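Participant: I am attaching a structure below and will ask some questions about it afterwards.
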Amino acid sequence: MAEHVAGILLAAGDGSRLGQPKATVEFAGSTLAERGVALLRDGGTDPVIVVTGAIPVEIPGVVSVHNPDWLTGMGSSLATGLRALASGDAAAAVIALADQPLVGAAAVRRLIAAHASGATVAIAAYDGKPRNPVLIGRVHWPAVTEAAAGDAGARPFLRAHPDLVTLVECGDTGSPDDIDTPEDLARVRAALSGRARFSRQAPSGG
């Protein structure tokens, strides 16, 4: 049986700068949490874990895991998600953030392909700059969990082990723009609207 890769969506924050928990923000007909789950599913991960905190998030077919320490930052949510997968048999996990709705499923597929080719840590890069999502092989989960603290997430582990990192260019698959403020949300909504308009106007060829 082929190895499978799980997905972890970090959706625990209260969105203090945005004015509401990011997971509940309506965006192009779905919430940011639903969009993040669809990203991971469409990209080929299974199962998908949603790490919650400030509010509960219930999405059909998805395991929601509450992080009681969500106020301490993203690190504890990442550790919560990895611990939830520990009893399963996933060979790796792709970690995505609920506040980056313009990331494309193709980025997840490329990370999984890099893992299938031997990478144990793969990071989506945009114009050469590492961002999200990030794939972490099971062999590194204990070390990542131990190093995760505050809002750094996997960063302490990644900085300590640059030799393990495979950068996977994903600039043509989407954008890693964050939604932290109402201004960010307006800008990202405008970007998505412009992209949808462009795809409708694009010539069909032939």
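Participant: Which residue fluctuates the most in the chain, going by a Gaussian network model with Cα springs under 10 Å, if the choices are Leu18, Leu32, Leu40?
Facilitator: Leu18
Participant: Moving on. Ranked from highest to lowest mean number of other Cβ atoms within 10 Å per residue, what is the order of the peptides 85-98, 3-16?
Facilitator: On the way: 85-98: 20.6, 3-16: 23.2.
Answer by packing, highest mean first, reads 3-16, 85-98.
Participant: Need the full-extension length gain, Arg189 to Asp42, defined as separation in residues times 0.36 nm minus the C-alpha distance. One decimal, nm.
Facilitator: Working it through step by step, the gained length comes to 50.8 nm.
Participant: Could you tell me how far the Cα centroid of region 69-97 sits from the Cα centroid of region 103-163, in Å?
Facilitator: Between the Cα centre of region 103-163 and that of region 69-97, the gap is 12 Å.
Participant: P(r) tail for the chain, what percent of Cα pairs lie past 27 Å?
Facilitator: Numbers: 5471 of 21115 pairs.
The share of Cα pairs beyond 27 Å in the chain comes to 26 percent.
Participant: Within region 91-105, find all residues whose amide N lies under 12 Å from a label point positioned 7 Å from the Cα of Asp172 along Cα-to-beta-carbon.
Facilitator: So the set is empty, nothing qualifies.
Participant: While we're here: Would you compute, from DSSP H runs of 4+ residues alone, the mean residue ellipticity of the chain at 222 nm, taking -39500 (n - 2.57) per run and dividing by the full residue count, rounded to the nearest 500?
Facilitator: Numbers: 6 runs with 68 residues, N = 206.
Value at 222 nm, helices only: -10000 deg cm²/dmol.
The numbers here are math on the coordinates, done by the rules we state, and not lab data. Please read these numbers as outputs of a predicted model, since none were measured by experiment. In this analysis, Cβ positions are derived from the backbone assuming ideal geometry, glycine residues included, and neighbour counts consider all displayed protein chains.
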